[in-house]
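What follows is a single structure, written as structure tokens, with notes after it.
The values are calculated or read from the model by the stated rules, or taken from the named source; none is laboratory data. Note that this is a predicted model, so its numbers are computed, not measured. Here the Cβ is made from the backbone with ideal geometry for all residues, glycine too, and neighbour counts use every protein chain on show.
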Amino acid sequence: MLETPSPSGSEAQLAKLLGEHMGSNGLTVRFDRAGNVIGKLGHSGPRILLCGHMDTVPGEFPVHHDGGFLYGRGAVDAKSSLAAMLVGAVEARKRTEIPFSVALACVVEEERSSAGIKALMDEGAQYDCAVFGEPSGASNITVGYKGSLLLELIFRTEGGHSASPWLSRNGFEEASEFWRTLRQSLVNNDSTSKFEAVTGCVTRATAGEASNMIPTKATMEIDLRVPPTMQASQLLQDIEALAKEYESTHSRVNIESRLKDCTDGFVGPIDSFVVRAFRWAIRRVTGEPVTLVKKTGTSDANLFAEKYTIPMIVYGPGDSSLDHTNNERISIREYLNSIEVYANAIPRLASLMQTSVAHAEIQ
């Protein structure tokens, strides 16, 4: 998988590879209109969605193995998680007679537009629980993610000759000053709890038309991460109100906002069947204590949680601090452990859910 580049929008070759692998291991395979490849294993029992993304951020570097680690783009985010899901589900089917039905969705464009998960959700299939494959660490279970607000701000001024900078407002300077105002008012990167605070930064900025002109236009893209206690749309309203206030006190400055993405955060229950099953499996496989974590990033799980109220977690091997870096690597031992966690957790989850249904029917 690592040797098959799959930056967002170019996942077709990896989808073909995964489709062939799933088919040879007994899964019924189909491709959807978005480019997702979906494998089905089993036809009865609890309906379990396993979902991981095929795409990576751009930037390839040589795939190699060194001292117990495997290096390559996507090693952490998130090809190892997707591979562990696939192998673990096949192993689970071999080892148990407990009925379960797994839909393994390998989706596109998680890193860019989330087109894959949106297409999967549009199908309207019903599931009893879901697991999303992202790096939590093999002994951790992720139960929450922050939301995100991606926004482009455009600043326009009259401009003029750079020899007379006092005659006109400078688009670049206004953008810089507004960002400082916004950060002081609404962003708290210094908060003790990064999960409970609005955090963020400028990710891209452009300004200027010529070397001897006062910039008449400056563009700034900001990426803000929003705690589940706040709706991302409310933060957008707060920023737009701040822009109007800024315009009222800075004559001849126009600020336009363009929304690029708006996703709410979520926190799932910490005692659901899926949490209990994976906690049990992690302890059995690793012998280590299990930590439930909340992450400051945002994933396809956020969008899924807006539509589905079923129990869900995020689980997979890897150190997320290596995401999107040129040192992206996965521990082979951790990867193999995560396969065993899936192979043990899936039957355990099916058993817990069946017992619950039987108990409810008796009552």
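Let's see how each residue does on (1) under 30 Å from LEU236 (Cα atoms); (2) touching an Asp or Glu at 6+ places or on another chain (Cβ under 8 Å); (3) not polar (S, T, N, Q):
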| position | (1), (2), (3) |
| --- | --- |
| LEU70 | no, no, yes |
| ASP77 | yes, yes, yes |
| ARG156 | yes, yes, yes |
| SER164 | no, no, no |
(message) With the structure loaded, tell me whether ARG348 is more than 19 Å from the chain's Cα centre (by Cα), charged (D, E, K, R) and either surrounded by 21 or more Cβ atoms within 10 Å (Cβ to Cβ) or modelled with pLDDT of 95 or more (or both) or whether it fails that test.
(response) yes
(request) Could you give me the residue pairs with C-beta distances under 7 Å whose first residue belongs to the range 198-209 and is among the acidic types (Asp, Glu), whose second residue is surrounded by 13 or more Cβ atoms within 10 Å (Cβ to Cβ) and part of a loop (DSSP other than H, G, I, E, B) wherever it lies, and which are 6+ apart or on separate chains? (result) GLU209/PRO215; GLU209/THR216
(message) So in the range 149-163, with the set limited to residues that are among the small types (Gly, Ala, Ser) and surrounded by fewer than 16 Cβ atoms within 10 Å (Cβ to Cβ), which one is farthest from ALA197 (Cα to Cα)?
(response) ALA163
(request) Pairs only if they're at least six apart or on different chains, beta carbon under 7 angstrom, first in the range 49-65 and in contact (Cβ under 8 Å) with a residue 24 or more places away in the chain, second β-branched (Val, Ile, Thr) and in a loop (DSSP other than H, G, I, E, B); list them, first residue then second. (result) MET54/VAL108; ASP55/VAL108
(request) Out of ALA281, ALA301, report the one residue that is of a type in the set (A, V, I, L, M, F, W, C), at pLDDT 95 or above, within 14 Å of the chain's Cα centre (by Cα) and within 30 Å of GLY72 (Cβ to Cβ). (result) ALA301
(message) If SER251 meets every condition in (1) at pLDDT 95 or above; (2) surrounded by fewer than 15 Cβ atoms within 10 Å (Cβ to Cβ); (3) farther than 22 Å from SER299 by Cβ apart from one, which number is that one?
(response) (1)
(message) Suppose the filter is buried (at least 19 other Cβ atoms within 10 Å of the Cβ), in contact with a strand residue (DSSP E or B) (Cβ under 8 Å, 6 or more places away or on another chain), small (Gly, Ala, Ser) and not assigned by TED's automatic domain parsing to the domain that holds ILE313; does GLY171 pass it?
(response) yes
(message) Looking only at the range 214-271, count every residue that is of a type in the set (S, T, N, Q) and under 21 Å from ALA175 (Cβ atoms) and tell me the total.
(response) 8
(request) Just give me the residues in the range 335-345 being touching a residue at least 24 places away in the same chain (Cβ under 8 Å) and either aliphatic (A, V, I, L, M) or surrounded by fewer than 21 Cβ atoms within 10 Å (Cβ to Cβ) (or both), in sequence order. (result) ASN337, ILE339, GLU340, VAL341, ALA343, ALA345
(message) If a residue must be charged (D, E, K, R) and either under 15 Å from GLY137 (Cβ atoms) or surrounded by 20 or more Cβ atoms within 10 Å (Cβ to Cβ) (or both), how many such residues does the range 271-285 contain?
(response) 2
(request) Test ILE154 against the stated conditions and say whether it is among the β-branched types (Val, Ile, Thr) and over 28 Å from ALA301 (Cβ atoms). (result) yes
